[in-house]
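A short write-up of the structure that comes next.
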Amino acid sequence: MNTDGLIQTQDLTKAYACGPTQVVALRDVTLSVARGRFMGVTGASGSGKSTLMNLLGGLDTASSGSIRVGGRLISELSHAELARFRRDTVGMIFQSFNLVVSYSAIENVAFPLLFANVAKKERIERAAGLLQVVGLEGRQDHRPTELSGGEQQRVAIARALVNRPEILLADEPTGNLDSKTSQQIVQTLHDLKTEQSLTVVMISHEEALLREFSDEVIYLQDGAVTSHEILRARP
Amino acid sequence: MRSSDYIEQAWSNLRKRKLRTFLTTSGVVIGIGALVCMFAFGQGVQRNIRDQFDELELFNYVNVSLKNRSPRPRRRHFDPDAPQAHDEQAEPNIPPGERPVVLDDSVLDEFMQIDGVEAAFPEMRFPAQIRVGDEERFTLIQVLSAGACQSGLVQFRAGGPYTTNEPNEMVISDSLLRRLGNRKPETAVGQEVEIRTVTLDFSLTSLLRMVFARGDQRLPTSNRRYPFKVVGVAERMGFGGPLPIKSDVYIPPRAAEKMRKLVLNSISEIFLPANRAAGYSMVSVKVTSPSDIPAVKKTLEERGFRTFALMDQLEEMQKGFIIMDMFLLAVGMIGITVASLGIVNTMVMSILERYREIGIMKAVGATDGDVQKIFLFESGMIGLLGGAFGLTLAWVVSVAINAIINSFSSRQGVPYIQYFNFPWWLCLGAITFSILVSLIAGVYPTLRAARVDPVVALRHD
């Protein structure tokens, strides 16, 4: 195991109680993602990809095992500490965009800054700057329903980056997009990773897309890592 | 999050759901409006009573009478062989020789020497007809010593006080003068006035007339006419005493003694001769300030007099006011309870609708506390709006009710009365209370919001 990874998991297990039986969504997952790498995660439906993503993002807590991010054991953080971790360290992108429908694009992007005590003027400035980065400078006052799927996902990417996180977690970001738009979105993520020295973990069904942009890919099956492929060596 | 952000978020979220916010806030508006209206009415009643008391200066008076004026011992204590008479039994602390036996002018002069006493005068009023020229009006005459009349108790619009207790001179109020058709007080000074008293007549002729009356059965009364001269016109009507009735005419004690009249103080006085020299049955002592009442009362009681001050009843009155306030509050609380249930319902609905949004908040870094506060601010904002508009509604309703009642009562000659009172603490308290109730109503929904699992919420459609 690589011990200098920004993200490290050790025997990470997540089990859900489903009536009298227990469903193990993730089983003894041990992995390491080095700083500045683009890791792809793929596998069939129900293989535990989203569960892994939720655990890495601090949205969920593990049944056993540990997660370290930057050496910090996040599996032992309190609710409030986890919230701060989500706010300051990671940015998350979802398949269904998860934008607040009643907010405009710029309000959605600025939303996380509310919880970081950033002044309104700075919130607007930072959000506008990021919308420009993702190519939506003219659409900042549009609501999600007035944007295409690709544009919505760009807004979500901008929102994920607004708190300047170290890690970008993308859960099926192209799941609701056509192939051309998917390509553009992943290209954007890849460019941002390079420009902003981000560490990206992206889940996708589209193995070809992952292989095109990822530095390494892991394969999940029934909650366990079956394969870990290094596509591009670390510089 | 900053407080300004919470407020902005709350306002923005409420504006997005205008109809629901309007309906929920309307419930609070009606609840607070009803509560404030009731409370303001209670406050208005209390203020009017207090103002009336203050106007009559009823809290500035001590009524003084002799103890055991009717020397009838209680049967239980009566012992004909006892060495001392029954008076001593009733008042064991006062040496027999020092017991006051009469309330006369010399006693009034003594009262005037007590610290805090502004004036002392016999409490003697009687009804009479006043005739000036062709005009005649019924009024209540107050017997007032020359000393009291000169003491500043009476403010004059024209003329001045009578200087001795003897002559048939009088002071008349400006208001009675107006009712008698004279709007120039200065012209009334020196004018001849006739006072016509009513008295019970138990003479044989009168009794026979009553017994053998045919059809027209009348009380055995007779009238007496007395000529008086106006020496002064008083600015205001009367002053306090045991009867909260204003007097319009003041006359000196010696002049009053010579008159046959129906005194209102005690029924027993009806049967007493007009020229009795037994002193007064009651004396009113006016103190400089209500705070002087306890000391003056103590001094008078130590001298063996019985005292009564309306000030003593103030505590009982205040208890009554509190009970009235509590009752009105309880009625008003019904509306508030219904409104708070509306807030709970609205907030629960809002949380269910924004379930996914709560998940997003948490995913982007909101703590449970942040989520809770966002919804609490919304709830509090409903309370603030409801309180402010409820207060406005209560004020509008009070103005309307005042206008309606006064339009009816003015036709009966009743002066304008403000039935509602909105003191600053009621206004501030209503808004604070509204916010507080809304926050309490919001506690359960906001706790639910804070407990939302972000993973579940983000999957929620």
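Can you find a residue that is in a strand (DSSP E or B), buried (at least 21 other Cβ atoms within 10 Å of the Cβ), of a type in the set (Lys, Arg) and more than 14 Å from every other protein chain (Cβ to nearest Cβ) anywhere in segment B:272-287?
Within segment B:272-287, one or more residues are in a strand (DSSP E or B), buried (at least 21 other Cβ atoms within 10 Å of the Cβ), of a type in the set (Lys, Arg) and more than 14 Å from every other protein chain (Cβ to nearest Cβ).
What number of residues in segment B:349-398 are closer than 23 Å to A:ARG159 by Cβ and of a type in the set (Val, Ile, Thr)?
Kept after step one, since they are closer than 23 Å to A:ARG159 by Cβ, are these residues of segment B:349-398: B:350-351, B:353-375, B:377-378.
Add one more test, that the residue is of a type in the set (Val, Ile, Thr), and what stays is B:351, B:358, B:360, B:364, B:367, B:371, B:374.
Qualifying residue count, segment B:349-398: 7.
May I ask you to say which residue of B:GLY335, B:GLY359 is part of a helix (DSSP H, G or I) and within 14 Å of chain A (Cβ to nearest Cβ)?
On the way: B:GLY335 fails: within 14 Å of chain A (Cβ to nearest Cβ).
Answer to the check: B:GLY359.
Quick check, is A:ASP171 acidic (Asp, Glu) and crowded, with 22+ Cβ neighbours inside 10 Å? Explain how you work it out, then say what you get.
On the way: acidic (Asp, Glu): yes; crowded, with 22+ Cβ neighbours inside 10 Å: yes.
For A:ASP171, the condition - acidic (Asp, Glu) and crowded, with 22+ Cβ neighbours inside 10 Å - is met.
Please verify whether B:PRO227 is within 30 Å of B:LYS184 (Cα to Cα) and either exposed (fewer than 13 other Cβ atoms within 10 Å of the Cβ) or modelled with pLDDT under 70 (or both), treating the condition exactly as stated.
Values: within 30 Å of B:LYS184 (Cα to Cα): yes; either exposed (fewer than 13 other Cβ atoms within 10 Å of the Cβ) or modelled with pLDDT under 70 (or both): yes.
Here the answer is yes, as B:PRO227 does meet what is asked.
Of the residues A:ALA80, A:ALA25, only one is surrounded by fewer than 23 Cβ atoms within 10 Å (Cβ to Cβ), among the hydrophobic types (A, V, I, L, M, F, W, C) and within 19 Å of B:VAL364 (Cα to Cα); which? Break it down stepwise before answering.
Values: A:ALA25 fails: within 19 Å of B:VAL364 (Cα to Cα).
Matching residue, one of A:ALA80, A:ALA25: A:ALA80.
It is to be established whether one or more residues within segment B:117-135 are crowded, with 17+ Cβ neighbours inside 10 Å, under 25 Å from B:SER289 (Cα atoms) and modelled with pLDDT of 85 or more.
Yes: segment B:117-135 contains one or more residues that are crowded, with 17+ Cβ neighbours inside 10 Å, under 25 Å from B:SER289 (Cα atoms) and modelled with pLDDT of 85 or more.
Just checking, how many residues over segment A:116-146 are aliphatic (A, V, I, L, M), more than 10 Å from chain B (Cβ to nearest Cβ), surrounded by fewer than 20 Cβ atoms within 10 Å (Cβ to Cβ) and over 19 Å from the mean Cα position of the chain (by Cα)? First the steps, then the outcome.
Pass one, segment A:116-146, residues aliphatic (A, V, I, L, M): A:116, A:118-119, A:124, A:127-128, A:130-131, A:133-134, A:136.
So of that shortlist, the ones also more than 10 Å from chain B (Cβ to nearest Cβ) come out as A:124, A:127-128, A:130-131, A:133-134, A:136.
In the following step, the residues that additionally are surrounded by fewer than 20 Cβ atoms within 10 Å (Cβ to Cβ) were identified as A:124, A:128, A:133.
Checking the rest, the ones that are also over 19 Å from the mean Cα position of the chain (by Cα) come to A:124, A:128.
Of the residues in that region, 2 qualify.
Check A:SER179 against each of (1) within 14 Å of chain B (Cβ to nearest Cβ); (2) modelled with pLDDT under 90 and name the one condition it does not meet.
Against the list (1) within 14 Å of chain B (Cβ to nearest Cβ); (2) modelled with pLDDT under 90, A:SER179 comes up short only on (1).
Just to be sure before I move on: is B:VAL371 out of contact with any strand residue (DSSP E or B) (no Cβ under 9 Å at 6 or more places or on another chain), assigned to a helix (DSSP H, G or I) and surrounded by fewer than 20 Cβ atoms within 10 Å (Cβ to Cβ) in the structure I sent?
no
Quick one: count up the residues across segment A:43-65 that are in contact with a Leu (Cβ under 6 Å, 6 or more places away or on another chain) and more than 14 Å from every other protein chain (Cβ to nearest Cβ).
Count: 3.
Quick check on segment B:377-400. Is at least one of its residues of a type in the set (D, E, K, R), crowded, with 19+ Cβ neighbours inside 10 Å and assigned to a helix (DSSP H, G or I)? Steps first, please.
Start the filter on segment B:377-400 by keeping residues that are of a type in the set (D, E, K, R), which leaves B:378.
Checking which are crowded, with 19+ Cβ neighbours inside 10 Å leaves us with B:378.
Now drop any that are not assigned to a helix (DSSP H, G or I), which leaves B:378.
Within segment B:377-400 (the criterion being of a type in the set (D, E, K, R), crowded, with 19+ Cβ neighbours inside 10 Å and assigned to a helix (DSSP H, G or I)), the answer is yes, since at least one residue qualifies.
In segment A:69-101, which residues are among the acidic types (Asp, Glu) and facing chain B (nearest Cβ under 10 Å)? Even if it seems obvious, please write down each step before you answer.
Filtering segment A:69-101 down to residues among the acidic types (Asp, Glu) leaves A:76, A:81, A:88.
A:GLU81, A:ASP88 - these are the residues of segment A:69-101 that are among the acidic types (Asp, Glu) and facing chain B (nearest Cβ under 10 Å).
Return a yes/no flag: does segment B:4-25 have any residue that is more than 14 Å from chain A (Cβ to nearest Cβ), closer than 30 Å to A:LEU114 by Cβ and crowded, with 22+ Cβ neighbours inside 10 Å.
yes
For B:ASP368, work out the one condition from (1) more than 9 Å from every other protein chain (Cβ to nearest Cβ); (2) of a type in the set (Asp, Glu); (3) over 46 Å from the mean Cα position of the chain (by Cα) it doesn't fulfil.
That leaves (1) as the condition not met.
Pick from segment A:102-115 the residues that are more than 19 Å from the chain's Cα centre (by Cα), of a type outside the set (Phe, Trp, Tyr) and under 18 Å from A:GLY91 (Cβ atoms): which of them is nearest to the other protein chains (Cβ to nearest Cβ)?
The extreme case among them is A:LEU114.
Just a yes or no: is a residue in segment A:117-124 under 20 Å from A:VAL90 (Cβ atoms), in contact with a Gly (Cβ under 7 Å, 6 or more places away or on another chain) and at pLDDT 90 or above? Don't jump to the end; show me each part of the working.
Our first condition is that a residue be under 20 Å from A:VAL90 (Cβ atoms); within segment A:117-124, this holds for A:117-118, A:123.
Then drop every residue that is not in contact with a Gly (Cβ under 7 Å, 6 or more places away or on another chain), which leaves none.
Looking for residues that are under 20 Å from A:VAL90 (Cβ atoms), in contact with a Gly (Cβ under 7 Å, 6 or more places away or on another chain) and at pLDDT 90 or above, one finds none in segment A:117-124, hence no.
Mind telling me which of the residues B:ARG459, B:ARG411, B:ARG354 ends up being surrounded by fewer than 17 Cβ atoms within 10 Å (Cβ to Cβ), within 14 Å of another protein chain (Cβ to nearest Cβ) and at pLDDT below 90?
Working: B:ARG411 fails: within 14 Å of another protein chain (Cβ to nearest Cβ); B:ARG354 fails: surrounded by fewer than 17 Cβ atoms within 10 Å (Cβ to Cβ).
One residue alone meets the criteria, B:ARG459.
So that you can scan it fast, the table gives a plain yes or no per residue for (1) surrounded by fewer than 17 Cβ atoms within 10 Å (Cβ to Cβ); (2) within 19 Å of B:ILE382 (Cβ to Cβ); (3) in the same structural domain as B:ASN345 (by TED's automatic domain parsing):
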| site | (1), (2), (3) |
| --- | --- |
| B:ASN421 | no, no, yes |
| B:CYS427 | no, yes, yes |
| B:ILE431 | no, yes, yes |
| B:SER438 | no, yes, yes |
| B:ALA441 | no, yes, yes |
| B:LEU447 | yes, yes, yes |
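Please determine whether any residue of segment B:415-427 is more than 22 Å from B:THR24 (Cα to Cα), in a loop (DSSP other than H, G, I, E, B), within 14 Å of chain A (Cβ to nearest Cβ) and free of Cβ contacts under 8 Å to residues at least 60 places away in the same chain.
Just the residues of segment B:415-427 that are more than 22 Å from B:THR24 (Cα to Cα), to begin with: B:415-426.
Filter once more, so that each one left must be in a loop (DSSP other than H, G, I, E, B): B:415-423.
If we keep only those that are within 14 Å of chain A (Cβ to nearest Cβ) as well, we get none.
Scanning segment B:415-427, I find no residue that is more than 22 Å from B:THR24 (Cα to Cα), in a loop (DSSP other than H, G, I, E, B), within 14 Å of chain A (Cβ to nearest Cβ) and free of Cβ contacts under 8 Å to residues at least 60 places away in the same chain, so the answer is no.
Looking only at segment B:371-409, which residues are within 18 Å of B:VAL443 (Cβ to Cβ) and among the hydrophobic types (A, V, I, L, M, F, W, C)?
B:VAL371, B:ILE374, B:PHE375, B:LEU376, B:PHE377, B:MET381, B:ILE382, B:LEU384
The values are calculated or read from the model by the stated rules, or taken from the named source; none is laboratory data. From a predicted model like this one, the values you see are computed outputs, not experimental measurements. Reconstructed Cβ throughout: ideal geometry from the backbone, glycine too, with neighbour counts over all protein chains shown.
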